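Worksheet: the structure to be examined is printed underneath.
The values are calculated or read from the model by the stated rules, or taken from the named source; none is laboratory data. All values derive from a computational prediction rather than experimental measurement. Here the Cβ is made from the backbone with ideal geometry for all residues, glycine too, and neighbour counts use every protein chain on show. Heavy atoms of the whole protein, side chains included, go into the accessibility calculation; ligands, DNA and RNA do not. Shrake-Rupley method; radii C 1.70, N 1.55, O 1.52, S 1.80 Å.
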Amino acid sequence: MNYPETINYLFNSTPVFEHVGVSAYKENLFNTITLDKHFRHPHRLFKSIHIAGTNGKGSCAHTLASILQEDGYDVGLYTSPHLIDFKERIRVNGAPIDERCVIDFVENERSFFEPLHPSFFELTTALAFKYFAHQQVDIAVIEVGLGGRLDCTNIISPLLSVITNISFDHTALLGNSLAAIATEKAGIIKPHTPVIIGETCAETKPVFINIANQKQAPITFAEDISEVICAKSTQEGGLLLQTKTYNDISYQLGGLYQKQNANTILAAAGLLLSMNIIHTSQSIKRGMEKVCQNTGLKGRWQYLHHQPNVVCDTGHNFAGWQYINRQLQAQTYKTLRIVFGMVNDKDIKSVLKLLPQTAKYYFTNASTQRSIPAKDIQLLAAKEGLNGQVFADVKSAYDTALAEADKEDFVFIGGSSYVVADLLSALAH
């Protein structure tokens, strides 16, 4: 098989959460443990940092990887989903996994794993760990796929665990209360291993304290440290952070929600500095300044065009849209144009209530089986006083929005990671 055929095989021969949702989720680690044993426990050959949470996992994972790279380490980075190409999920020092490694993994190992009927994520996690071991990385930053306790990344024994925040998402799998969801996420807390908690509420904080105490894991709440004093948007699309310890930091990622992520990142980085894993505070500042160059991160309040200003963002649930809505309200424009789509396991009705009624909408669906049909979104949106046209795909919605915009307008593309993925893929070709 060549590379496109291999990717097609992975996506069509295994249950893929991005495509089919809940049915791809395995409620045990049997396949993961079996694969890990087959590959001789590759995750034991490198150190790791484990990151869970409802929102902000990707930004925190990429930024901590960037900081570690600036400190001189060879760093693996495992995240999901990808936006343009599968190889984005598995990186070493920002460089995506080589296509040949993906092909060889499937060709050489399919006789072993096919009888297991693994999920897509179980296979890609095994591939990532095997690749990081082969590349002899010093540290790998590992983002949880979904949940924590039963996620197939949860076989690692990290130097540090990070849980960004808890809000309602994937409730069919993780529970319908914040405490239940927190319990699943807290499943990544390991015995005697420090854990950073980014944000809490009255329902989640006791859960984290209780589980950390059971595991005798030192726990730090980033919001108690409040390392970030204030954050201001920059003309370049990032944030200027005023901090307690590191003076001003030019964080390359923009979006109001990145203030909270930055606070979590700095708490984690500060702990790693005290553990002598990070050796200099300058690595922290440089890593935050260069996260996109160092790791290839895209889709976080990313400017695609000026005059008109065009921004895309992967925020895809109610908690994410609370920040995006505030960010949109802070913009200056003649007309706000929003290209919008969502997938069917998100609380679209709550998100629609947040959206500005004065905007012009371009409703669409991404190229995933989980997309809510654009016509259905249009009907739901109309009940909230939101009006717009329906488009068969993201590119046509975007092209129309851009063609109709003048220089003083603001165009936003989002609602789902897959909407952003389709747009960036189209623009890349």
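Just one of (1) touching a strand residue (DSSP E or B) at 6+ places or on another chain (Cβ under 6 Å); (2) open to solvent by 10 Å² or more (accessible area, probe 1.4 Å); (3) assigned to a helix (DSSP H, G or I) fails for Ala231. It is (3).
Would you call Asp422 of a type in the set (Asp, Glu), surrounded by fewer than 23 Cβ atoms within 10 Å (Cβ to Cβ) and out of contact with any strand residue (DSSP E or B) (no Cβ under 8 Å at 6 or more places or on another chain)? In short, no. When segment 120-152 is filtered for residues that are among the acidic types (Asp, Glu), at pLDDT 95 or above and closer than 25 Å to Asn55 by Cα, only Glu143 remains.
What tally of residues in segment 366-391 results from selecting those that are of a type outside the set (A, V, I, L, M, F, W, C), under 18 Å from Leu423 (Cβ atoms) and open to solvent by 40 Å² or more (accessible area, probe 1.4 Å)? Residues in segment 366-391 being of a type outside the set (A, V, I, L, M, F, W, C), under 18 Å from Leu423 (Cβ atoms) and open to solvent by 40 Å² or more (accessible area, probe 1.4 Å): 2 in total.
Taken over segment 15-31, the criterion of being open to solvent by less than 10 Å² (accessible area, probe 1.4 Å) and either within 23 Å of Asn165 (Cα to Cα) or modelled with pLDDT of 95 or more (or both) is satisfied by Gly21 alone.
For Ser157, are the conditions met, namely being over 28 Å from Asp345 (Cβ atoms) and hydroxyl-bearing (Ser, Thr, Tyr)?
On the way: over 28 Å from Asp345 (Cβ atoms): yes; hydroxyl-bearing (Ser, Thr, Tyr): yes.
Here the answer is yes, as Ser157 does meet what is asked.
The number of residues in segment 43-67 that are at pLDDT 95 or above, buried (at least 19 other Cβ atoms within 10 Å of the Cβ) and in contact with a helix residue (DSSP H, G or I) (Cβ under 7 Å, 6 or more places away or on another chain) comes to 13. All conditions in (1) without any contact (Cβ under 8 Å) to a residue 40 or more places away in the chain; (2) outside any helix (DSSP H, G or I); (3) not β-branched (Val, Ile, Thr) hold for Leu127, with the sole exception of (2).
What strands (runs of 3 or more DSSP E) lie completely within segment 252-359 and have 3 or more residues being open to solvent by less than 10 Å² (accessible area, probe 1.4 Å)?
Values: elements: 302-305, 309-312, 336-340.
Per the criteria, 309-312, 336-340.
Going by what's in this entry, would Ile84 be described as aliphatic (A, V, I, L, M), surrounded by fewer than 24 Cβ atoms within 10 Å (Cβ to Cβ) and on the phi < 0 side of the Ramachandran plot? In short, yes.
For segment 392-419, name all the residues that are open to solvent by 30 Å² or more (accessible area, probe 1.4 Å), assigned to a helix (DSSP H, G or I), at pLDDT 95 or above and of a type outside the set (Asp, Glu).
Quick first cut of segment 392-419, residues open to solvent by 30 Å² or more (accessible area, probe 1.4 Å) only: 392-393, 395-396, 399-400, 402-404, 406-408, 418.
Next, from what is left, pick out any that are assigned to a helix (DSSP H, G or I): 395-396, 399-400, 402-404, 418.
Still in the running and at pLDDT 95 or above: 395-396, 399-400, 402-404.
Once the filter is applied, which keeps residues that are open to solvent by 30 Å² or more (accessible area, probe 1.4 Å), assigned to a helix (DSSP H, G or I), at pLDDT 95 or above and of a type outside the set (Asp, Glu), segment 392-419 yields Lys395, Ser396, Thr400, Leu402, Ala403.
Being part of a strand (DSSP E or B), in the same structural domain as Asn344 (by the TED database) and on the phi < 0 side of the Ramachandran plot is the requirement here; does Gln389 meet it? In short, yes.
For segment 271-278, the criterion of being over 26 Å from Asn93 (Cβ atoms) and within 22 Å of the chain's Cα centre (by Cα) is satisfied by no residue at all.
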